[in-house]
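Engineer: Following this message is one structure expressed as structure tokens.
The values are calculated or read from the model by the stated rules, or taken from the named source; none is laboratory data. Just so we're clear, the structure is a prediction, and the values are computed from it rather than from any experiment. Glycine also receives a Cβ, built like all others from the backbone with ideal geometry; neighbour counts cover every protein chain displayed.
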């Protein structure tokens, strides 16, 4: 197969939920060959992931991102929305932690096996250990109540009947801002329907490779204004 056909094979597999058999049938190749082509393309994307998924590096980029988030709901000094997603295989096989920007692109990712909760995954990740130094001074990420409130991690107030108007307004602005990461996960899973069912790969490295390859493709599709079709 040509390089373009191998990419097409990979895109078909990752955007459908019926496995390598369907892809192999469509391209008139064996199931083993379909899997090999998908691994080849995904491995290439994985090896180049840092070109496409990274925190910003210039003051102007950070400023534009802060302004874009502020325009959504008026939440100040926000530089990213943080959350986690769980890949299951009859059990929690992988935890994916991600930070997305206001355009729903991934800026940071951390993948770990097992059933760590969001707070533990964040604390053990490279992002969790360094983001207080990487974010602009006074800046923060917005996250849900599964994370610990810190100077650079803003979480919502506990909802209760006696909430003050200022607390309710904060929660509203926080939720409107943080929904960027939920929307990003939703678009990613909707486009890459391989995640609609349990990943069937026996090797954990292959599962992680597919996850990382598809979040690179997610960013590329946004950069190229690709619609849902």
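Engineer: Among the candidates 187, 210, 215, which residue alone is farther than 21 Å from residue 102 by Cα and either in contact with a helix residue (DSSP H, G or I) (Cβ under 8 Å, 6 or more places away or on another chain) or not in a helix (DSSP H, G or I) (or both)?
Structural biologist: Testing whether each residue is farther than 21 Å from residue 102 by Cα and either in contact with a helix residue (DSSP H, G or I) (Cβ under 8 Å, 6 or more places away or on another chain) or not in a helix (DSSP H, G or I) (or both) leaves just 210.
Engineer: Which condition number in (1) out of contact with any strand residue (DSSP E or B) (no Cβ under 8 Å at 6 or more places or on another chain); (2) more than 30 Å from residue 17 (Cβ to Cβ); (3) surrounded by fewer than 16 Cβ atoms within 10 Å (Cβ to Cβ) is the one that residue 205 fails?
Structural biologist: Just one mismatch for residue 205, condition (2).
Engineer: Scanning for something in contact with a helix residue (DSSP H, G or I) (Cβ under 9 Å, 6 or more places away or on another chain) and within 28 Å of residue 49 (Cβ to Cβ), does the stretch 160-175 turn up at least one residue?
Structural biologist: No, the stretch 160-175 has no match at all.
Engineer: What residue, among those in the stretch 71-102 that are farther than 17 Å from residue 182 by Cβ, at pLDDT 95 or above and in contact with a strand residue (DSSP E or B) (Cβ under 7 Å, 6 or more places away or on another chain), is surrounded by the most Cβ atoms within 10 Å (Cβ to Cβ)?
Structural biologist: So the residue we want is 79.
Engineer: Then there's this: Kindly provide the set of residues from the stretch 154-178 that are part of a helix (DSSP H, G or I) and in contact with a strand residue (DSSP E or B) (Cβ under 8 Å, 6 or more places away or on another chain), ordered by number.
Structural biologist: Across the stretch 154-178, the qualifying residues are 174, 177, 178.
Engineer: Continuing with the same structure: State the number of residues belonging to the stretch 1-58 that are under 21 Å from the mean Cα position of the chain (by Cα) and part of a helix (DSSP H, G or I).
Structural biologist: The number of residues fulfilling the criteria is 17.
Engineer: Would you check if residue 147 is more than 17 Å from the chain's Cα centre (by Cα) and part of a loop (DSSP other than H, G, I, E, B)?
Structural biologist: When the stated conditions are applied, residue 147 does not pass them.
Engineer: Mind counting the residues in the stretch 129-138 that are in contact with a strand residue (DSSP E or B) (Cβ under 8 Å, 6 or more places away or on another chain) and not in a helix (DSSP H, G or I)?
Structural biologist: 2
Engineer: Still on this model: Count, please, the residues in the stretch 109-128 that happen to be outside any helix (DSSP H, G or I) and either crowded, with 16+ Cβ neighbours inside 10 Å or in contact with a helix residue (DSSP H, G or I) (Cβ under 7 Å, 6 or more places away or on another chain) (or both).
Structural biologist: 7
Engineer: Take residue 181 and decide whether it is assigned to a helix (DSSP H, G or I) and at pLDDT below 95.
Structural biologist: The answer is no for residue 181.
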